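In what follows, a structure is listed as structure tokens, so that the remarks can point back to it.
The values are calculated or read from the model by the stated rules, or taken from the named source; none is laboratory data. Quick caveat, the model's predicted, so the values are computed rather than measured. Here Cβ is always computed from backbone atoms with ideal geometry, including for glycine, and neighbour counts include all displayed protein chains. Surface areas here come from the heavy atoms of the whole protein model, side chains and all, with no ligands, DNA or RNA. Shrake-Rupley method; radii C 1.70, N 1.55, O 1.52, S 1.80 Å.
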Amino acid sequence: MFYVRKSLVFILICALLFASGALAVQASYTGVGAGNNGEVMVETVLEDGVISEVRVVEHSETVGICDAAIERIPKAIVDNQTLAVDTVSGATNTSNAILAAVASCLEQAGLNLVDYQTAVVKADVESEVINLSTDIVVVGAGGAGLSAAVAAAEAGRNVIVLEKLAAVGGSTGMSGGALTAATDNCEEFDEEESEKFATWLIDTAKGQGNAEIIRQVANSSNETILWLREMGVNLTPYDYPVAGESFAIYSAYTDFEGNSISSPAYIIRQMALRAEELGCKILTETPAQSLATDENGAVTGVVATDAAGNTLNIQAGKVILACGGFVVNQDMMIQANPKLEGVTYWNGAGNTGDGIVMATAIGAKRVFDPIGAFGIWESADFTNFPRNSSADLTYKTLIINDRGERFMNEGEPYGYQNLYRGFMLQKMDGCETFYALIDQNAFTEAGEATFQAGNAVKADTLDELAEAIGVDAETLKSTCARYTQLAGQEDEDFGKAAEFMTGMSADPFYAIEVGPLTLSSIGGLVIDAECRILNENSEPIENLYGAGELVNSAIFYEKYSKSGMAVQFVITTGRIAGANAAA
């Protein structure tokens, strides 16, 4: 009887709690949103319509770049009980993916999304002007900016680093994290191999680059590997899985304890830790607005705005611009090459040409590359094109333009970026649409999978294929006949290796729309051998230095030279600029 009475009391208490709202009904839901690299899975916990917890449980976003969004957006949703929160600068896609996933959870719970769209009321805080001074200001906290900061701080200088996004890393943080070097024995300087490396880079740039800078990069390439190792980056040589590569490529897939890591995020993290260890102040969400100069045109500092809206007047002995290229600035891309309009890009969100704007405003010289950018080739809608699952397939495809003509060696390795250049030259010649063709001799399983996913056209004959993709049937059949004629042989038309010449004669046939995917702009500001930025008269602007993608016309011309060369150039020119600014 006692136990029955006790149970009744417990039930009564629960009923009273529910009636008073003291004991909320809790439920958990899982939703997904489309992020930068794939789906972002989010768990949302609701208690009587109140969002009590938001947690990202699974994602494939770029480590380092996405961290701020994954930390801030869930907290902002819970704190404000709304989806109308600010996205994180530099991680907009990740931010929106989290918001979409939470919205899905709310809908699953039968809640009205309108009730969760109240704008966040921000405190009205009066901004102020803050005056700072330092030896060196570095604008940009990607690979170039962090390396410049570390090099300058190692020389004993006080350094402030300005980063307009919420996280450090820039395009280096989104790269493959590989660095090219002269040899795979970085402990010893090999003069002959370094000169061979430099000569090859100079020739690849068709003599248009800065030979002095290129030689410095080539001669310092192994030293840069050692420099990063001293910061705790376990860089080791590896065999790059494409044909035709030469010289050494280093990357980091584990740390020194053997833990699996993301190479670019690992490099950036260790550089940032080293910079902070040396006393560098890294100010995120603090975009530089302009360069300060004296009556003689010498740079005296930087004007910036911090996250609170305050104006920072930073007086500095030297300024290093390392804030990336202009891929995200559509107007600048079109100015460089009108055919770059609308071309998909994969690049740091901060690459809007800020350094170019600030420097040209005080008379800096800017150069344009004939192509304007470099990259890779990808499916036109950047979805699951099978090249991502098979390098073998990448080389075996037959790529045609919208005239039905073949125009390049589809089997060139990633490093020799004639692939991207080939697309751009075709676009400059009036072609707009391109297709990768696959037949039974290539890799029908991948073609069928792509077709089933809705990203390919399938046909039993070449006539049907031509009609489906809108190209001239006779031209297409002639192109495929020539390609089949060369099957198993060295490609005398475009130089493709015999092993990838499988022909185009065995049905079914698949066509996947493809095109250029921009990884970096080419062109920008001009530097001398000391990484000093030059004016229109090709004279150094006093106290102003440049490094990284912002000045990559010093080494690239019309195309990318080699896998791992961009990160090597970025970090080494950062080192050069930092050391010279500190001297």
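I'd like the residue in segment 535-546 that is under 18 Å from Glu295 (Cα atoms) and assigned to a strand (DSSP E or B) and, out of all such residues, is nearest to the chain's Cα centre (by Cα). Restricting to residues being under 18 Å from Glu295 (Cα atoms) and assigned to a strand (DSSP E or B), the top hit is Leu544. Considering segment 419-433, the residues that are touching a strand residue (DSSP E or B) at 6+ places or on another chain (Cβ under 6 Å) and surrounded by fewer than 22 Cβ atoms within 10 Å (Cβ to Cβ) include one that is modelled with the highest pLDDT, namely Cys431. Being closer than 30 Å to Asn310 by Cβ and either open to solvent by less than 20 Å² (accessible area, probe 1.4 Å) or in contact (Cβ under 8 Å) with a residue 40 or more places away in the chain (or both) is a description that does not apply to Ile51. Residues that are closer than 18 Å to Glu43 by Cβ and surrounded by 14 or more Cβ atoms within 10 Å (Cβ to Cβ) within segment 110-138 comprise Leu111, Tyr116, listed in sequence order.
From the list Tyr545, Tyr557, which one is open to solvent by 30 Å² or more (accessible area, probe 1.4 Å), in contact (Cβ under 8 Å) with a residue 12 or more places away in the chain and either on the phi < 0 side of the Ramachandran plot or in contact with a helix residue (DSSP H, G or I) (Cβ under 9 Å, 6 or more places away or on another chain) (or both)?
Testing whether each residue is open to solvent by 30 Å² or more (accessible area, probe 1.4 Å), in contact (Cβ under 8 Å) with a residue 12 or more places away in the chain and either on the phi < 0 side of the Ramachandran plot or in contact with a helix residue (DSSP H, G or I) (Cβ under 9 Å, 6 or more places away or on another chain) (or both) leaves just Tyr557.
Among the residues examined, Met333 qualifies as over 25 Å from Gly503 (Cα atoms), open to solvent by less than 30 Å² (accessible area, probe 1.4 Å) and at pLDDT 95 or above.
Condition test on Glu192, is it in a helix (DSSP H, G or I) and more than 25 Å from the chain's Cα centre (by Cα)? Spell out how you get there, then give the answer.
Details: in a helix (DSSP H, G or I): yes; more than 25 Å from the chain's Cα centre (by Cα): yes.
Yes: the conditions hold for Glu192.
When Gly325, Gly317 are checked against the criterion of being within 21 Å of Thr573 (Cβ to Cβ) and either surrounded by fewer than 23 Cβ atoms within 10 Å (Cβ to Cβ) or of a type in the set (Ser, Thr, Tyr) (or both), Gly317 stands alone in meeting it. For segment 295-305, the set of residues classified as free of Cβ contacts under 8 Å to residues at least 24 places away in the same chain and open to solvent by 50 Å² or more (accessible area, probe 1.4 Å) consists of Glu295 only. You will find that of Ala292, Ala308, the residue that is outside any strand (DSSP E or B) and surrounded by fewer than 19 Cβ atoms within 10 Å (Cβ to Cβ) is Ala308 and no other. Looking across segment 249-274 at every residue that is modelled with pLDDT under 95 and of a type in the set (Val, Ile, Thr), the one that is surrounded by the fewest Cβ atoms within 10 Å (Cβ to Cβ) is identified as Thr254. Looking across segment 359-373, the residues that are closer than 21 Å to Gly145 by Cβ and open to solvent by 10 Å² or more (accessible area, probe 1.4 Å) come down to Thr360, Ala361, Ile362, Arg366. Identify the residue in segment 547-556 that is within 20 Å of the chain's Cα centre (by Cα) and not in a loop (DSSP other than H, G, I, E, B) and, among all such residues, is farthest from Val161 (Cα to Cα). Step by step, filter segment 547-556, then rank; the result is Ser553.
For segment 560-581, how many residues meet the condition of being under 18 Å from Arg157 (Cβ atoms) and touching a helix residue (DSSP H, G or I) at 6+ places or on another chain (Cβ under 7 Å)? Residues in segment 560-581 being under 18 Å from Arg157 (Cβ atoms) and touching a helix residue (DSSP H, G or I) at 6+ places or on another chain (Cβ under 7 Å): 8 in total. Taking segment 557-572 as the range and being farther than 15 Å from Ser147 by Cβ and not in a loop (DSSP other than H, G, I, E, B) as the test, the residues that pass are Tyr557, Lys559, Met565. If I ask for residues that are open to solvent by 10 Å² or more (accessible area, probe 1.4 Å), in a loop (DSSP other than H, G, I, E, B) and either among the hydrophobic types (A, V, I, L, M, F, W, C) or within 22 Å of Ser171 (Cα to Cα) (or both), which ones from segment 62-91 would you list? Correct list: Thr62, Val63, Gly64, Ile65, Leu83, Ala84, Val85, Thr87, Ser89, Gly90. In segment 187-198, the condition of being open to solvent by 10 Å² or more (accessible area, probe 1.4 Å) and aliphatic (A, V, I, L, M) is met by no residue.
Each residue in segment 459-477 was checked for being under 18 Å from Lys396 (Cα atoms) and either surrounded by fewer than 14 Cβ atoms within 10 Å (Cβ to Cβ) or over 37 Å from the mean Cα position of the chain (by Cα) (or both), and 2 of them qualify. In segment 34-46, the qualifying residues are those that are over 14 Å from Gln108 (Cα atoms) and in a strand (DSSP E or B), and the one that is least open to solvent (accessible area, probe 1.4 Å) is Val40. Could you tell me whether any residue of segment 67-83 is under 30 Å from Tyr545 (Cβ atoms), touching a strand residue (DSSP E or B) at 6+ places or on another chain (Cβ under 9 Å) and touching a residue at least 24 places away in the same chain (Cβ under 8 Å)? The answer is no; no qualifying residue exists. Filtering segment 505-532 to residues that are at pLDDT 95 or above and farther than 24 Å from Gly350 by Cβ leaves Asp528, Ala529, Glu530. Give me a count of the residues in segment 460-504 that are modelled with pLDDT of 95 or more and outside any loop (DSSP other than H, G, I, E, B). Number of matching residues: 21. Out of segment 497-533, which residues are over 30 Å from Cys480 (Cβ atoms), of a type in the set (A, V, I, L, M, F, W, C) and open to solvent by 20 Å² or more (accessible area, probe 1.4 Å)? If the condition is that a residue be over 30 Å from Cys480 (Cβ atoms), of a type in the set (A, V, I, L, M, F, W, C) and open to solvent by 20 Å² or more (accessible area, probe 1.4 Å), then Leu519, Val526, Ala529 are the ones that fit. Annotation: of all residues in segment 92-109 being of a type in the set (A, V, I, L, M, F, W, C) and open to solvent by 30 Å² or more (accessible area, probe 1.4 Å), the one that is nearest to Thr284 (Cα to Cα) is Ala100. Within segment 344-357, the set of residues being touching a residue at least 60 places away in the same chain (Cβ under 8 Å) and open to solvent by 20 Å² or more (accessible area, probe 1.4 Å) comprises Thr344, Tyr345, Trp346, Ala349, Asp354.
Does Leu340 qualify as being over 23 Å from Gly578 (Cβ atoms), in contact with a strand residue (DSSP E or B) (Cβ under 6 Å, 6 or more places away or on another chain), touching a residue at least 24 places away in the same chain (Cβ under 8 Å) and not acidic (Asp, Glu)? The answer is yes for Leu340.
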